[in-house]
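Asker: I'd like to ask some things about the structure below.
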Amino acid sequence: MTGAIMYISGGRWDGIPGTDRLLAEALAEASPVLWVDQPAPIFRFPDVRSAARASLAGSTEKVAPVIERLRLPAPPLFSSRLGHSLTGWIGQKCMQAALLRSPRAIQAVVNSSPIVSFPTGTRTPKVLHITDDWLAAAELIGFTPALLRAALERNLREADVVTAVSEGLAAKISGFAGRPVQVLPNGCQRPDGDRGQTDPNPVAVLVGQLNERLDLDILESVANAGIPLMIVGPRSESSPVVGHRLDALIKHDNVDWRGAVPREEVRKLLLTASVGLTPYSDTDFNRSSFPLKTLEYLSAGLPVVTTDLPSSHAVKCSSLAIAGNPAHFVALVKERLGTRPSPEEVEEMRHLALENSWSSRAGALRKLLSASTEDKLPAYDREGHHE
């Protein structure tokens, strides 16, 4: 595929790097990318406010050698029905202007936003990539279920191809939409060398945001068992009850909470630990998810202990252990503390990481786009015509 890809994200470029940014960066290895931020309120984000006029004119910011970023400004109360409608109109105006200004023809549009519609008037291939169970995430996302449902239905009608990050989520969306949904799981960084021959520190590590998605009973059990626990990631909880429990957790003498850490530093920290933790609670939302952290641990050569969720069974690796309850989780963590993986385990994890790298995911997505292109008109050029 030639030309650029427009990637409509479910987050902001400078937020915590997740599925969208990692997949977009991998796509950029072969194609220029026009990245579109999730709408952000101008009163909360100074950068969005200062760039609002430029965004409406379709002006972008270079954030990587072949990635341009478009911010979408949103008005106050943008999650209300009226605010959402106005935000949608603003977003369409910004995206249309960016398409016209783009120095490269846009050959495809990937949309992974739960609220932003595909740009109108484009006849390039469109992929709707569903990264989470948005219909079960109204409280987490901050929009009403009715608005999220309407946005999903609208994008499902527009999409030529629909993908989802897990088998369960694909089946759910397929039943909802009455059409096939391809599985495009999350990926991981390529393995970057040997962990070394020295035994790792007897430390368990948890990477990611601290919020309501985590099973705090398990984390409290790990801490209460005296297991050294390093937590890498910011707090993002909304519940006061969860907030109080997190306060108590990070006060344990054996818990080392690092907060938000630059992405390049996370990998270094993983190499100092013995075992990675994926302690998600058993909820509808989590059952449809595909946690990024599990594959990232394995990519770093780090064995994993995870809770019993469908995505855990999708990863076939002897270095991944699945726990059914807090006591079992603690026991499995203790088994791995201070133990270096065998050469066979290291090779298995390395092979798994290569097979599931973000580059391989981007390649799979490009194949879907290329297949869809056969039934589509050519690219949308900057004069607003189809080449």
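Read-outs: derived from the displayed coordinates by stated rules, not from any lab. Here the structure is a predicted model, which is why all the values come from computation and not from measurement. Don't worry about glycine lacking a Cβ; one is built from the backbone with ideal geometry, like all the others, and counts go over all protein chains shown.
Asker: Can you compute log10 of I(q)/I(0) for segment 204-352 with the Debye formula, treating each Cα as one identical point scatterer, at q = 0.19 Å⁻¹?
Answerer: With one equal scatterer per Cα and no solvent, log10 I(q)/I(0) is -1.21.
Asker: Would segment 82-141 count as rounded, prolate or oblate if I go by the C-alpha gyration tensor, calling it rounded below 1.5 in a/c and otherwise prolate when a/b exceeds b/c, oblate otherwise?
Answerer: Oblate is the answer for segment 82-141, as a/c is 1.5 or above yet b/c matches or exceeds a/b.
Asker: Quote the relative contact order of segment 252-325 in percent (integer), defining contacts as alpha-carbon pairs under 8 Å separated by 6+ residues.
Answerer: Details: 78 pairs, mean separation 21.0, N = 74.
About 28 percent, as a whole number.
Asker: A follow-up question, please. Mind listing the phi-derived Karplus ³J(HN,Hα) values for segment 269-279, rounded to whole Hz, using 6.51, -1.76 and 1.60 with θ = phi - 60°, and x for any glycine or proline?
Answerer: The phi angles translate into 5, 4, 5, 9, 9, 9, 8, x, 10, 10, x Hz.
Asker: Please list, in chain and number order, the residues 5+ apart from Ile42 or on another chain whose amide H is under 5 Å from its amide H, with Hs placed from the backbone.
Answerer: Residues meeting the amide H criterion: Ala74.
Asker: In addition: For the chain, modelled as a Gaussian network with Cα springs under 10 Å, which listed residue fluctuates most, Thr144, Thr307, Thr122?
Answerer: Judging by the Gaussian network model, the answer is Thr144.
Asker: Pull up all non-local amide H partners of Trp257: gap of 5 or more, or a different chain, and H-to-H distance under 5 Å with H placed in the peptide plane.
Answerer: Residues meeting the criterion, in which the H sits 1.01 Å from N, are Ile231.
Asker: Name the shape class, rounded, prolate or oblate, that the alpha-carbon gyration tensor gives for segment 12-162, where a ≥ b ≥ c are the square roots of its eigenvalues, rounded holds for a/c under 1.5, and otherwise prolate holds if a/b is larger than b/c and oblate otherwise.
Answerer: rounded
Asker: Nearest 5 percent is fine: what portion of the DSSP beta bridges confined to segment 204-352 is antiparallel?
Answerer: Bridges in segment 204-352 that DSSP calls antiparallel: roughly 5 percent.
Asker: May I ask you to sort Asp192, Asp160, Asp133 by Cβ crowding, counting other Cβ atoms within 10 Å and putting the fewest first?
Answerer: Details: Asp192 11, Asp160 18, Asp133 23.
If I rank by nearby Cβ atoms, fewest first, I get Asp192, Asp160, Asp133.
Asker: Also: Counting other C-beta atoms within 10 Å, and keeping those with at most 12, which DSSP coil trypsin sites (Lys or Arg not before Pro) do you find in segment 232-296?
Answerer: In loop regions of segment 232-296 (DSSP not H, G, I, E or B), the sparsely surrounded trypsin sites (Lys or Arg not before Pro) are Lys251.
Asker: I would also like to ask the following. Suppose the chain between Val66 and Arg154 were pulled fully straight at 0.36 nm per residue; how much longer would it get relative to their current alpha carbon spacing?
Answerer: Stretched out fully, the Val66 to Arg154 stretch lengthens by 28.7 nm.
Asker: Can you give the local net charge around Ala137? Use residues other than it whose beta-carbon is closer than 12 angstrom to its beta-carbon, Lys and Arg +1, Asp and Glu -1.
Answerer: Local charge sum for Ala137: -3.
Asker: Which distance in Å, rounded to a whole number, links the C-alpha centroids of segment 233-253 and segment 89-116?
Answerer: 38 Å
Asker: Just to confirm a number: summing +1 for Lys and Arg and -1 for Asp and Glu over residues other than Gly187 whose beta-carbon lies under 13 angstrom from that of Gly187, what do you get?
Answerer: After counting each charged neighbour, the total is -1.
Asker: Once amide H atoms are built 1.01 Å from N in the peptide plane, which residues 5 or more positions from Ala164, or in another chain, come under 5 Å H to H?
Answerer: The answer is Ile130, Gln182, Val183, Leu184.
Asker: Which one, Ser312, Ser299, Ser221, has the greatest fluctuation when you compute a Gaussian network model over the chain with C-alpha springs under 10 angstrom?
Answerer: Ser221
Asker: What share of the DSSP beta bridges in the chain is antiparallel, in percent to the nearest 5? Intermediate results must be reported in sequence, preceding the final value.
Answerer: Details: 6 of 49 bridges.
The antiparallel fraction comes to roughly 10 percent.
Asker: Which whole-Hz couplings ³J(HN,Hα) result when phi for each residue of segment 298-309 is put into the Karplus expression 6.51 cos²θ - 1.76 cosθ + 1.60, θ = phi - 60°, listed in order with x for Gly and Pro?
Answerer: 5, 4, 7, x, 10, x, 10, 10, 9, 6, 7, 10
Asker: Between segment 1-39 and segment 282-330, what is the separation of their alpha carbon centroids in Å?
Answerer: 26 Å
Asker: Would you work out the relative contact order for segment 272-374, in percent, from Cα pairs under 8 angstrom that are 6 or more residues apart?
Answerer: Numbers: 111 pairs, mean separation 27.9, N = 103.
Dividing the mean separation by the residue count of segment 272-374 yields 27 percent.
Asker: Please label the shape of the chain as rounded, prolate or oblate, based on the square roots a ≥ b ≥ c of the eigenvalues of the alpha-carbon gyration tensor (a/c under 1.5 means rounded; beyond that, a/b larger than b/c means prolate, else oblate).
Answerer: Details: a/c = 1.92, a/b = 1.60, b/c = 1.19.
Prolate is the answer for the chain, as a/c is 1.5 or above and a/b outweighs b/c.
Asker: Here's a follow-up. For segment 237-247, in order, what is each residue's ³J(HN,Hα) by Karplus, 6.51 cos²θ - 1.76 cosθ + 1.60 with θ = phi - 60°, in whole Hz (x at glycine and Pro)?
Answerer: Ordered by residue, 3J(HN,Hα) equals 6, 10, 7, x, 5, 5, x, 5, 5, 5, 4 Hz.
Asker: Of Glu265, Glu345, Glu29, which is the most mobile in a GNM of the chain whose springs link Cα atoms less than 10 angstrom apart?
Answerer: For the chain, modelled as a Gaussian network with Cα springs under 10 Å, the answer is Glu265.
Asker: Determine the sum of side-chain charges near Pro17: Lys and Arg each +1, Asp and Glu each -1, restricted to other residues whose C-beta is under 14 angstrom from that of Pro17.
Answerer: -1
Asker: While we're here: What number, in percent, do you get for the relative contact order of the chain if the mean sequence gap of Cα pairs under 8 Å and at least 6 apart is divided by its residue count? Walk me through the numbers before you get to the answer.
Answerer: On the way: 763 pairs, mean separation 69.0, N = 387.
Relative contact order comes out at 18 percent.
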